[in-house]
Amino acid sequence: MSSNTLTEAAPAPRAPQQKPGGEPHRVGGGFLDPKMLWKSLPDALKKLDPRVMMKNPVMFVVEVGSALTTYEAITKPSVFAWVITVWLWLTVVFANLAEAVAEGRGKAQAATLRKAKTTTVARKLASWSPGNSGAESEVAGTELTLGDFVVVEAGQVIPGDGDVVEGVASVDESAITGESAPVIRESGGDRSAVTGGTKVLSDRIVVKITSKPGETFIDRMINLVEGANRQKTPNELALNVLLASLTIVFLLAVVTLQPMATWAGAAQSLVVMVSLLVALIPTTIGALLSAIGIAGMDRLVQRNVLAMSGRAVEAAGDINTLLLDKTGTITLGNRQASEFVPVAGVDKDALADAAQLSSLSDETPEGRSIVVLAKTAYGLRERHEGELAGAEFVPFTAQTRMSGVNLADGHEVRKGAGSAVMKWVRDNGGHPTEEVGSLVDAISGAGGTPLVVAEKAPGQPARTLGVIHLKDVVKEGIRERFAELRQMGIKTVMITGDNPLTAKAIAEEAGVDDFLAEATPEDKMALIKKEQEGGKLVAMTGDGTNDAPALAQADVGVAMNTGTSAAKEAGNMVDLDSNPTKLIEIVEIGKQLLITRGSLTTFSIANDVAKYFAIIPAMFSVVYPGLHVLNIMGLHSAKSAITSAIIFNALIIIGLIPLALRGVQYKPSSASALLRRNLLIYGAGGLVLPFVGIKLIDLVVQFIPGLR
Amino acid sequence: MSDTWAGLLQVAALVLLLAVSYRPLGDYMAHILTTKKHSRVEKVLYKTMGVDPEADQTWGTYLRSVFAISAVGVLLLYTLLRVQHHLMMALGMPKVNADLAYNTAASFVTNTNWQNYSGENTLGYVAQATGLAVQNFVSASVGIAVVATLIRGFTRNRTDRLGNFWVDLTRVLIRLMLPFSIVFAVILVACGSVQSLGDHMTVVHTINGDQSLYTGGTASQEVIKLLGTNGGGIFNANSAHPFENPTAFTNLIEIYLLLVIGFSLPRTFGKMVGSHKQGYTLVSVMAIIWVGSLIFSTFFETHHHGINLADGHAALEGKESRFGIPASTLFMTSTTLTSTGAVNSWHDSYSPFGGGAAMFNMMLGEIAPGGTGSGLYGILILAIVTVFIAGLMVGRTPEYLGKKIRPTEMKYAALYILTTPAVVLIFTGLAMALKGETASISSGNLGPNGSPSPHGFSEVLYAFTSMGNNNGSAFGGLSGNTHWWNTAGALAMMFGRFLPMIWVLALAGSLAKQKPVPETEGTLKTASPLFAGMLLGTILLVVGLTYFPALSLGPLAEGLH
Amino acid sequence: MSRISAPLRRHLAAIRAMLVFTVILGIAYPLLVTGIAQLAFKNKANGSLIKNASGQIVASSLLCQQYVDKSGAALPQYFQTRPSDATNSSNSSDPGCNYSYSAGSNLGTDSATLKSTIEGRIASYAKAYNIDPTKVPEDAVTASASGMDPGISVENADDQAPAVAKARGIDMATVDQLVKDNTTGRPLGFLGEKYVNVVTLNLALDKAHPFAAAKS
């Protein structure tokens, strides 16, 4: 993976890239730079505007409470009233700070993107048809609209998103992807999409614009990372409902407490009542909720994935079925020779030698792998073409379906598809044995590709030597990865164009749950629909135009950035690295987002227990001294107890901002294991931590005159 | 036999009875609520009522039907109470005054059975049997009908049809409540409970003068009062009265009756959703709360730190000698954890923590096992809230029984858990703020010279906790028969009953519309000890946090010296 | 029917349903139970009444009675029931066990009223039966829940027995035997508590050993 220019402004080190099956991995995020807090302060203060605060009911209640205590502190000044007032305001500011910091990181990224979106001058073609360029005029890039044609030449910036309709060029897309190596973009096929703001390095292309002004890919990216039109996701909404209702319950509990207390002769001051309320309502999660959401999107961006909506990120956490393309995701891109199988009577080394000879000029990855195998497994030194003076290399053609070499001494070697080579043997007077056929079948049956090797010595009939076993190499560690996914309850389906036999063998080796062989786009679509019919959520990756319908149908469709603009339009995420394995990470990020919310909610509610033990005896042990027993923390005085609870309540927000931004630790495991672990840490921890925290704060606060 | 062993065996016998009933009764109720066949009697009834038993209702129609029968119930009962002096067998009782009649009508239709009157000198036969007892039957059955609908919300997919209220109601009445009541009424009579149509008799007592005595149709009403978790007694002393509850054996039967439907409904639920384990999970949470609460109150009653006697005991104040402490706390725990509210001992005279436990039991929302139907839907709502938080913690959109908990579902669940505390706290706060209304607190329970006391406050808190949760038991020292208390109480009971029903039925409607989500390894297992533990924790934490401040001014202040 | 609006039809159905259920559950059901009860368990169904020789109802074995003089002082020749708060509040001399006013004190354990009441009861019980005030049985000084409780603890009965025997001039063994006869054990051996039924005990005493001075 490349360094990421997108995150330059946020000095957040990238989390180590996950390696399949490597060390215990987890989804990580950027760490919090204390400087960010300071830089975000102005934004945090701006958010104190009640119209903005209204969107967050929990913190709005705190703000109203702060305003009330301020009034109280001004009209009836006391050290206690002022200390509480200051800390209540700090609570609100801290909450805003959390959001501002999360947004700040996005803003920094947006700024970088905006640089790429410099005003470009577009060379618009009045009319274009194949072979006819029409008249050219210069317009501002922002004025381009759907269906315009522009011409871009080496050194120029592509003025808008579109498809190449003429020519081929190398393009520098680092502004978007952070990848410095240029990529090839050409008309037709699946690599025709170009993105506005990227730069043509060589050649000349004509681009048909496919986006409206202001809706280009870069525009959307900027919007996304800035969170400008961030909409609350379903889960976030549901959680908000829960938090709001808890806030109302506690509001009622506090408001109705006053007449009860008054009757008992223990009427409380407004400052104390507001303190009790603020301590009880779930301020911790209320303060961090939106930061968690923004940071979740941010974590995706850091992994070079653009989610078109927060909804898609959440859906990723719910995925039941992953459709994975075989090539590149499950297997390395190419087949490799794994074994030489000689026929009876042929020495293994002789076969290896012949195989190597025939592959010397074969520059395909398969050919190279044969040479490598011969060297590593049979110790055959690699011979250079130059060593074989007078040798004539026979290249592979679609007609002959074999390649080989004719040496100067008349020795001929061929390798290729079974039927083609055997025909060659027969044509040259040989009699291929039955055995070859069964070897070929065995290798095919195991999912491999058999290449038959034959030779013909001068003056003798040709004979088969044996078979090279070419096989798909399953990525190291991918099996463990799928086992983890299975533990998470996710079914993996391998999509491949191979025949069912081959597909089955690879599927077994890789440990996927199911496979779709000889898959056509229609098959993919049918599979997705079938899964969804049963209520499952499906994720897939795709790049080609013919993937677009399936990408649109899937609940999470990740389009490769190298793909066509149709594919990118259809999916709800774009992977700028075009790495199909990323889907697994996306799922983990989605889950982590929800887990962070759930865990902090639990933590926030569990905190209340300790706060009660601090505040209730402080309020009522004057009239009912027996309640002093509840002061199990042994807090110094009523005022110091309430102050300590409020200070703890505010500080815990600051303390948890890094966690909110980073997300809680997530290790793929079963639901029960996850629940048990998070309950222990955030439930039990949330119960115990404030007892310690409030006591510690009280040890300091008790020395403040006026709070004794 | 030692007292301890006897007490334990008593609990064991009850648990055994309930355990034996769990499967057959649960399965039977599931059958009643799902079978397509109508009996001949029912067909006649449907015709008489003018309803189409095959019509499948939306949640809105179902709710409106619930409201219709409840409104008719309130009006009918109110009318009966207002004209009872014109009815036959009125025992010479005058008409009930308007606000008490309103309060009583609301009370019995909402399955609360809060009584601001004393039965033996307020009501005649007709008002009791054809008025109150009928509402006892109907309100209990309405609860079961509503929970059946919620369960259908889980079992049905992609539909807005949730069943037929009239069919559910009729079947529960005719096939469950009525036969059960007949059998157990006869058993109660056989054990000494009274059942006659006679007028007052004169009992000649040479020493302290003759007395007038009447028996009433007690056993028949006693059974449904318990079976339907209603709680309104024929006599003022309720199930402490020897005519209602003559022996420790009938006491056991009565506790069994008030628990049995509540504890068996999880089986019905498990059967209907196709996983008995789900039922076991819920029933185990109910049982743990019940046992825990029982141990807690029994401990504090037997280790009374009472101030009254030199040897430290006043625990028998307000308890009957034939029951003693264990059988009283067993009844108290059961009646406050269901929405019954019948009493065999006066909760007002319990130790501070014992009485506090009674209050806390009700504050839990009547879910362990709760009222008929209402207990199960109460705990299902809490399960949904738990699933939501737990679901987030495992990184998936929370789902329960294959249905997603989305903002809509969460909205109704949140409204549900918000409603009862709001009713309880607002009315309690209001009563405490009103000088004239705190006068209803019993003067004997106030401090020196009528000064405020924690126990005095407890009477008010208990009253609205009881009414808001449709329990009906009381800290009986409070004089509730005033205009304000009758009116406020009626409102509290209606809000506490019908608002939650709206949320439950709306939730059912929203769940039924969903398509099911398949269960996978990543799905949170809701039939597991871990989930049961978390559900228990959520219940205790949410309730504890909501009521802790109020409780600290009542039982806690009283109990902590 | 079809011309009636849906809400109206629903409420008509509700009215008809309520009437139907009132007939079945409010009339037929109690009559059925009453019929069975009166046929099979006549005495119990009518209140376990006890009649004297002339056929007058003198008590229900389930409900307590008071045995006090006009001033409210306990009559020593009778066993005393537990304190009863079943009184007609408009009659200040009502000694309790009033069948029409079943009730308890509803006083909390912190109540000063309850405290002084119980202290008074302890003092008078200790004095009447010559018992150490710290050993007064709990049930003897606490009001029952119903105010109708006919039972007292065995200890309570044992404490009272000598005074009763003395007042009636009969020997202790006779009294003890009668107490035993009127003691109800725990049903099934473990349900509730063992208690002595004061009402039946006093009736048995009066029957076997009439108290001569009572008439004077």
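The values are calculated or read from the model by the stated rules, or taken from the named source; none is laboratory data. The structure displayed is predicted, hence computed values, not measured ones. All Cβ positions, glycine included, derive from the backbone under ideal geometry; neighbour counts span all protein chains shown. Ligands, DNA and RNA are stripped out before the accessible areas are found, and what is left, the full protein with its side chains, is counted by its heavy atoms. Shrake-Rupley method; radii C 1.70, N 1.55, O 1.52, S 1.80 Å.
Please pull out the direction-averaged projected area of chain B, using the convex hull of its alpha-carbon atoms, in nm² to one decimal place.
Details: hull surface 105.6 nm².
If you wrap the Cα atoms of chain B in a convex hull and average its projections, you get 26.4 nm².
Which shape class, rounded, prolate or oblate, goes with the stretch B:1-134 when its Cα gyration tensor gives a ≥ b ≥ c as root eigenvalues, a/c under 1.5 marks rounded, and past that a/b bigger than b/c marks prolate? It is oblate, given that a/c is not under 1.5 and a/b is not larger than b/c. In this structure the stretch C:49-208 gives 40 Å² per residue of accessible area when probed at 1.4 Å with all protein chains present.
What whole-number value in Å² describes the accessible area per residue of chain A for a 1.4 Å probe?
Details: 27190 Å² over 708 residues.
Heavy-atom SASA per residue in chain A reads 38 Å².
Shape verdict for the stretch C:79-132, please, from the Cα gyration tensor: rounded (a/c under 1.5), prolate (a/b greater than b/c) or oblate. Oblate is the answer for the stretch C:79-132, as a/c is 1.5 or above yet b/c matches or exceeds a/b. With the simple spin-label model, which puts each label point 7 Å out from Cα in the Cβ direction, the B:Ala71 to A:Thr327 separation comes to 7.0 nm.
So the label point goes 7 Å from the Cα of A:Ala267 along Cα→C-beta, right? Which residues of the stretch A:607-647 then have their backbone N under 14 Å from it? Output list for this probe position: empty.
Look at the stretch A:311-320: the mean tally of other chain Cβ atoms within 10 Å of its residues' Cβ atoms is 3.
Spin-label pair B:Phe498-A:Asp513: with each label point 7 Å from Cα along the Cα-Cβ axis, the two points sit 4.8 nm from one another. Where only DSSP H runs of four or more residues are counted, chain B gives -20500 deg cm²/dmol as its mean residue ellipticity at 222 nm, each run worth -39500 (n - 2.57). Which FRET efficiency, nearest 0.05, do B:Thr520 and C:Ser54 yield, Cβ-Cβ r, R0 60 Å? Here the calculated transfer efficiency is 0.15. With unit charges on the beta carbon (Lys/Arg positive, Asp/Glu negative), name the residue among B:Thr4, B:Leu16, B:Ala30 whose Cα is farthest towards the positive pole of the charge dipole of the stretch B:1-151. Going by the charge dipole, the pick is B:Ala30.
Just the protein heavy atoms count here, and of the accessible area of the stretch A:559-708 at 1.4 Å, carbon and sulfur take up 70 percent.
Rank-order B:492-499, B:517-524 by packing density, defined as the average count of other C-beta atoms within 10 Å over each peptide's residues, highest first.
On the way: B:492-499: 23.6, B:517-524: 19.8.
Peptide ranking by packing, descending: B:492-499, B:517-524.
Percent of C-alpha pairs per 5 Å bin in chain C, short distances first: 1, 6, 10, 14, 16, 13, 10, 7, 5, 4, 4, 3, 2, 2, 1, 1, 0, 0. For the stretch B:408-430, heavy-atom accessible area (probe 1.4 Å) falls by no less than 50 Å² from the chain alone to the full protein assembly at B:Leu418, B:Leu425.
Mean per-residue shielding of peptide A:597-606 is 4, counting Cβ atoms of other chains within 10 Å of each Cβ.
Carbon-plus-sulfur accessible fraction, the stretch C:49-208 (probe radius 1.4 Å, protein heavy atoms only): 53%. Accessible surface for the stretch B:439-561, divided over its residues, is 27 Å² per residue with a 1.4 Å probe.
Diagonalise the Cα gyration tensor of the protein assembly as shown and give the resulting equivalent ellipsoid semi-axes, square root of 5 times each eigenvalue, largest first, whole Å. Before the final figure, lay out the partial values.
Values: eigenvalues 1294, 270, 170 Å².
After scaling each eigenvalue by five and taking roots: 80, 37, 29 Å.
Comparing each chain alone with all protein chains together (probe 1.4 Å, DNA, RNA and ligands left out), the residues of the stretch B:54-94 losing at least 30 Å² of accessible area are B:Arg64, B:Ala68, B:Ile69, B:Val72, B:Leu76. Each peptide in A:68-81, B:217-230 was scored by the mean count of other Cβ atoms within 10 Å over its residues; highest first, the order is B:217-230, A:68-81.
In chain C, Cα pairs under 8 Å separated by at least six residues give a relative contact order of 18 percent. What would the Debye formula give as log10 I(q)/I(0) at q = 0.11, 0.12, 0.25 Å⁻¹ for the alpha-carbon point model of the stretch C:62-157, no solvent? Here the Debye-derived log intensity ratios amount to -0.30, -0.36, -1.57.
Taking C:Ala165, C:Ala28, C:Ala145 as the candidate residues, the one with maximal mean-square fluctuation in a Gaussian network model of chain C, Cα springs under 10 Å, is C:Ala28. Figure legend: label point modelled 7 angstrom from the Cα of B:Thr206 along Cα→Cβ; residues of the stretch C:60-74 with amide N under 17 Å from it are C:60, C:65-70.
The contact between chain C and chain B removes approximately 8100 Å² from the accessible area (both sides summed; 1.4 Å probe; ligands, DNA and RNA excluded).
For the residue pair C:Thr183 and A:Ala154, what label-to-label distance in nm results when each label sits 7 Å from Cα along the Cα-to-beta-carbon direction? Label at C:Thr183, label at A:Ala154, 11.8 nm between them.
Put simply, chains B and A cover up around 5100 Å² of each other's accessible surface, both sides summed, when a 1.4 Å probe is used.
Kindly rank A:337-346, B:414-423, A:275-284 from highest to lowest mean number of other beta carbons found within 10 Å of each residue. Spell out each step's value before the answer.
Working: A:337-346: 17.6, B:414-423: 24.2, A:275-284: 26.3.
Sorting A:337-346, B:414-423, A:275-284 by mean packing, highest first, produces A:275-284, B:414-423, A:337-346.
In chain B, the portion of solvent-accessible area held by carbon and sulfur atoms comes to 66 percent [1.4 Å probe, whole percent, DNA, RNA and ligands not counted].
Tally Lys and Arg at +1 and Asp and Glu at -1 over the other residues with C-beta under 15 Å from the C-beta of C:Gly35: what net charge comes out? Present the calculation step by step, with values, prior to reporting the outcome.
On the way: positive: C:Lys42, C:Lys44; negative: none.
It works out to a net charge of +2.
Pairs C:Lys70/C:Lys207; A:Lys46/A:Lys232; A:Lys471/A:Lys568; C:Lys115/C:Lys166: which are spaced more than 26 Å apart, C-alpha to C-alpha? Too far apart for the 26 Å limit: A:Lys471/A:Lys568; C:Lys115/C:Lys166. Across chain A, C-alpha contacts under 8 Å between residues 6 or more apart give a mean separation that, scaled by the residue count, equals a relative contact order of 15 percent. Mean partner shielding of peptide B:198-205, defined as the number of other chain Cβ atoms within 10 Å of each residue Cβ, is 5.
Given the -39500 (n - 2.57) contribution per DSSP H run of 4+ residues, what per-residue ellipticity at 222 nm results for chain A, rounded to the nearest 500 deg cm²/dmol? Provide the component values of the computation, followed by the final result.
Working: 23 runs with 340 residues, N = 708.
Computed ellipticity for chain A at 222 nm equals -15500 deg cm²/dmol.
Taking C:Arg121, C:Arg186, C:Arg82 in turn, the Gaussian network model of chain C (Cα-Cα springs below 10 Å) assigns the largest fluctuation to C:Arg186.
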